[in-house]
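The values are calculated or read from the model by the stated rules, or taken from the named source; none is laboratory data. In this text, all values refer to a predicted model and were calculated from it rather than measured experimentally. For neighbour counting, all protein chains shown are included, and Cβ atoms are generated from backbone atoms with ideal geometry for every residue, glycine included.
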Amino acid sequence: MQISITKTTTPKTLIEEDKLGFGKFFSDHMFIMDYEYTKGWHNARIVPFGNISLHPASTVLHYGSEIFEGLKAYRTKSGEIRLFRPMENIRRMNASAERMCLPKINEEDFLQALKTFVELEKDFVPHSFGTSLYLRPYMFGNDETLGVHTVKRATFMIIASPSGSYYAEGINPVKIMIESEDVRAVKGGTGAVKCGGNYAASNRAGEKASKKGYSQVLWLDGVHRKYIEEVGAMNVMFKIDGEIVTPMLTGSILPGITRKSCIEVLKSMGYNVSERLLSVDELVDALKSGKLEEAWGCGTAAVVSPIGKLFYNDVEYDVNGGQIGEVTKKLYDTLTGIQWGEVEDTYGWIYKICD
């Protein structure tokens, strides 16, 4: 794939790393590629970061024809810049494209786009442990018609944001409210797809939780309203009476790459990991009896986020005394250690970009 590069003439000043936050600042450039059903993907280019122009009838504005991914570029102490399991993101985005009737992208072309883009933006990859260059590949339909049909024109883009911690609390345990009214997704819908509509639909419950002093919500399934699904925008795991339990992928839960990595790491450490249905009643019983030893969310942005409190039916429960659990800490140290080059990658997950 040929990628043309037009460099900015007004480079940005790098932000101090302790002031980054998450997703607030952006690098100098962005990757763009166009699709037309008669031509396929074409005109791959990297251009200065800036606003884009859309027709007022563009498909994405009216029918939500959009998908995205999230992954990170890390800088090791030796200066090497690397990605973590990028092929998993590429394949998941193509799976999302298939569900949303958007065009798939050749895997090697996608990887080449990521590599070329990160190499150009390497100065924006922060140096401190715990920081990264967050990469946001996304695709949207832009047919210039109000008719509802399979997308015939689309745009694929990648933007980048040098970032610190996703949560202001960092690795400290967060407070979570179990949501019993709104639902995130249903089986047969788009719950297993990384599309904007899933996140927009979650905002009302998230706002309600925030007003009550909680960082995020723990979702229940959309049919029975009783089975645990995700926590906020992350997958979730629990240690119950020695067993690691995570909700099984039923079609309404995003198949998280960090989730998959956690399961592989935990099994390699000898833990018994169960992917199964977990009801809120079982979870509350485990909280009351003391059998719930640890709980944590896992996702690209936060990596691993320990849960210190759970709120349900007007009762707040402590999890592990509000402290980080042993397994949670092991997972965080292992995954971040591999990502930043401080733990040997025995799984073959790292993709080197440049030194």
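Among the residues of segment 86-123, the one identified as among the charged types (D, E, K, R), free of Cβ contacts under 8 Å to residues at least 60 places away in the same chain and not in a helix (DSSP H, G or I) is LYS104.
Of all the numbered requirements in (1) assigned to a helix (DSSP H, G or I); (2) not assigned by TED's automatic domain parsing to the domain that holds GLY299, PHE156 misses one, and that requirement is (1). Among GLU119, GLU88, which is surrounded by fewer than 17 Cβ atoms within 10 Å (Cβ to Cβ) and of a type in the set (Asp, Glu)? From the options GLU119, GLU88, the qualifying one is GLU119. Taking each residue of segment 199-228 that is without any contact (Cβ under 8 Å) to a residue 24 or more places away in the chain and looking for partners that are assigned to a loop (DSSP other than H, G, I, E, B) with beta-carbon atoms closer than 7 Å, six or more apart or interchain, yields ALA201/ARG184; ARG204/ASP182.
For VAL151, the test of being in contact with a helix residue (DSSP H, G or I) (Cβ under 8 Å, 6 or more places away or on another chain) and either at pLDDT below 95 or β-branched (Val, Ile, Thr) (or both) is passed.
Selection of segment 1-24 for residues being free of Cβ contacts under 8 Å to residues at least 24 places away in the same chain and under 28 Å from TYR35 (Cα atoms) yields an empty set.
Does segment 322-329 contain any residue that is assigned to a strand (DSSP E or B) and at negative phi? No - not one qualifying residue is present in segment 322-329. For beta carbons closer than 7 Å, sequence separation of 6+ or different chains, a first residue in segment 167-184 that is surrounded by fewer than 20 Cβ atoms within 10 Å (Cβ to Cβ) and a second that is modelled with pLDDT under 90, the qualifying pairs are TYR167/ALA302.
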